[in-house]
Structure formats: structure tokens, C-alpha cells
Amino acid sequence: MSVADITLLMSAADIKYFVGVGRWEPDARGRLEKAALELYVERGFENTTVAEIAERAGLTERTFFRHFADKREVLFSGTPALEKLLVERVAGVHETAAPLDVVGSALEAAGAMIQERGAWSQKRQAVINANPELRERELIKLASLGSALAEALRTRGVKEPAASLAAEAGIGAFKVAFERWVLQPTKQNFPRLIRESIGELRALAAED
């Protein structure tokens, strides 16, 4: 059967599908993230448009909006996965563990996930630090993670105010550890820094 015969047997929908396959590009989300971060570093977040991100990635604006709600969310799209990991880790820690130990274990797991993207995290943080709107969004993200931790602790049976105190203290230690780690992400171990920060927290509590 010739190509012409095959074409005659194909419907308009079939032809449209196969043309679309020819235009498909792998890892669109990753390419958009990379392009966006490059442009944010080069031009600043405020001076970068979605059209420019899509063009740099070799994709369309429509493709961008299939993956991200707006250009800000490129920097925060990992939050749901991080929150899910924290909740799962809290649930999986032995039932006799103290609340702060549970939180520490969950945050170290999150740190290990973030550790894998050290160079990205460093550039991302530089972009966030340069923009008040993004700094506010970062604080909202941390508050969301804290709330998820507290709720997960309550699900384990930890009473209030212990659940909220352990969650908020853990997030504070996480934030301090992150600020230390992101300065040299390829030379430092983020989970270890989280462990150290929580250890410092315990030492302060013991002094009091």
C-alpha cells in the first residue's frame, strides 16, 4: 500500500493527530522552568514576560499555561509535592516519637529532595530575594508547609498547642538551615543542616 493510499484511509482527525506528534517536544515543563529562571536572573522577574519564557524554551505561551498558572508559579510549583512528602513522612514515623522528632524527620526528607536541585535552588533564591512580591509568596509557602505539618501531627494524636508549636519551630529551623545551605548548595548537606538547626533549637529550650 502506498503513502497516498494510507492518506486516503486516514480521517481528518488522524491527520491532525499525526501532525501534532511531529510538533511534540519532550520535557516541556523542565524546559520552561530552565528558560524562566535564566531570564529572571538575566533581566529580573518583573521584566520577564511569559511570551519571552516560551520563546526561550522553544514552546508556545499556550504550552506554558498548561504547566503553570502564571510566571510566578514557575518558582513555587514544587510546593504541593513538598507538602505531600512532609505529611507522608509524619505519618510514617514511629508512633512513640516525640513531636519535634517527627517534624525533624519529615523536614530532613524534604531537605533531601531539595538537595537534588542545588544549583536551581541557589538561583531561584536570588530571584526571590530581589523581589518583594516573591519574598511574600515564599513566606506564604512556608506558612502552608507549617500548617500541613501541624495538621499531620494532630492526625497522629498530638494535642494542641504542642502540634502547632512543634510544626512552627520546625519550619523556623528549616528556614535557618536553608539560608545557610543555599549559599553553597554543592558543598553542604541540607538534611544535616536541618538536623543541626533543630539540635540548636533543643539546646535553647534546655537552657530556658
Of the listed residues (A166, A150, A143), the one being in contact with a Ser or Thr (Cβ under 6 Å, 6 or more places away or on another chain), under 20 Å from S197 (Cβ atoms) and either part of a helix (DSSP H, G or I) or at pLDDT 95 or above (or both) is A150
Only one of (1) in the same structural domain as N189 (by TED's automatic domain parsing); (2) out of contact with any Phe, Trp or Tyr (no Cβ under 8 Å at 6 or more places or on another chain); (3) modelled with pLDDT of 95 or more does not apply to W120, and that is (3)
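Name the residue that is surrounded by the most Cβ atoms within 10 Å (Cβ to Cβ), counting only residues in segment 184-208 that are among the hydrophobic types (A, V, I, L, M, F, W, C) and touching a residue at least 12 places away in the same chain (Cβ under 8 Å).
Step one: list which residues in segment 184-208 are among the hydrophobic types (A, V, I, L, M, F, W, C), which gives 190, 193-194, 198, 201, 203-206.
Next cut, touching a residue at least 12 places away in the same chain (Cβ under 8 Å) only: 190, 193-194, 198, 201.
On the way: F190: 25, L193: 21, I194: 29, I198: 24, L201: 17.
The extreme case among them is I194.
For segment 56-86, how many residues are in a helix (DSSP H, G or I) and within 15 Å of the chain's Cα centre (by Cα)? Outline the logic, then answer.
If we filter segment 56-86 for residues that are in a helix (DSSP H, G or I), which is where we start, we get 56-57, 61-67, 71-74, 79-86.
So of that shortlist, the ones also within 15 Å of the chain's Cα centre (by Cα) come out as 67, 71-74, 79-86.
Of the residues in that region, 13 qualify.
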Considering residues that are over 23 Å from E42 (Cβ atoms) and basic (K, R), the number found within segment 112-154 is 2
Within segment 96-109, identify whether any single residue is in the same structural domain as G172 (by TED's automatic domain parsing), at pLDDT below 95 and among the β-branched types (V, I, T), and answer yes or no. yes
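The values are calculated or read from the model by the stated rules, or taken from the named source; none is laboratory data. These numbers come from a predicted model, not from an experiment. Cβ sites come from the backbone with ideal geometry, for glycine too, and all protein chains shown count toward neighbours.
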